[in-house]
1. Order these by the 10 Å Cβ neighbour count, fewest first: SER128, SER9.
2. Counting other Cβ atoms within 10 Å, which trypsin sites (Lys or Arg not before Pro) in region 74-150 have at most 16 and lie in a DSSP loop?
3. Quick check: the angle from helix 47-57's long axis to the longest principal axis of the chain, C-alpha only, nearest 10 degrees?
4. Need the list of aspartates and glutamates near LYS93 for cross-linking: C-alpha distance under 14 angstrom, and skip anything on the same chain fewer than eight residues off.
5. Which three numbers, in whole Å and largest first, are the semi-axes of the equivalent ellipsoid of the chain derived from its Cα gyration tensor as √(5λ)?
6. Using Cβ contacts closer than 10 Å as the measure, can you line up LEU116, LEU111, LEU5, LEU133 from fewest to most?
7. With r defined as the distance between the Cβ atoms of VAL80 and THR141 and R0 fixed at 35 Å, what FRET efficiency is calculated, to the nearest 0.05?
8. At 7 Å along Cα-to-Cβ for each site, give me the label-to-label distance between ASN129 and ASN49 in nm.
Amino acid sequence: MSKALFPGSFDPFTKGHEDIVLRALEIFDEIIIVIGCNPNKKPEIDPVNNLKAIRKVFANEPRVTVKLWAGLTAELAKEVGITNIVRGVRDVKDFEYERNLADINRQIAGLETVLLFARPEYACYSSSNVRELKRFKGDPTPFLPEGYKF
Ligand code: ADP
């Protein structure tokens with residue numbers, strides 16, 4: 001069984017994130033979505049509510065699990081015996097950032113990162129844009145997976 005972690009803030013979880021998970025399932029047998037809980041970064045969405053909401057999105061997909069994690073992704077990977085991480089790339093800014101992260105994770109824990117390019121129609125979707133939209137009373141639903149609310 002091949003498994004990979006998909007770590008991120010997911011604050012909120014967008015259709016872009018969902019698409020990465022669905023495409024990663026073509027490569028791996030199981031995907032574990034890891035909601036990072038960084039004590040220095042207060043998320044807009046309560047992590048436990050987010051966990052429940054993301055689980056609902058994948059309620060009919062037993063190959064996807066969702067977890068909260070407050071430490072380094074590399075530590076979790078070691079704990080559960082996983083050597084692959086999946087991440088998404090929308091543009092060159094993401095590319096530089098992801099390359100750095102991938103290098104660090106390879107060096108500290110021997111993790112290999114599989115990068116999937118964002119589908120063009122989702123490349124402009126970001127959690128921060130969706131948060132901003134909601135703050136100004138816009139409707140975020142077109143950017144969110146079906147059934148996911150925040
Ligand atoms: P982080 O704070 O760890 O970057 P995010 O929740 O912002 O967490 O993103 C998690 C991963 O999903 C990152 O690899 C990011 O580049 C990717 N991602 C974010 N939005 C999209 C999108 N619209 N399409 C594809 N990948 C995306």
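FYI, it's all coordinate maths here, none of it is from the lab. Nothing here was measured: the structure is a model prediction, and the numbers come from that model. Positions of Cβ are backbone-derived with ideal geometry, glycine not excepted, and every protein chain shown enters the neighbour counts.
1. Sorted ascending by nearby Cβ count, the order is SER128, SER9.
2. Qualifying residues, ordered by number: LYS137, LYS149.
3. Once rounded, the angle reads 90 degrees.
4. Hits, sequence-local ones excluded: zero.
5. 23, 17, 16
6. Neighbour counts put them in this order, fewest first: LEU133, LEU116, LEU111, LEU5.
7. 0.55
8. 2.4 nm
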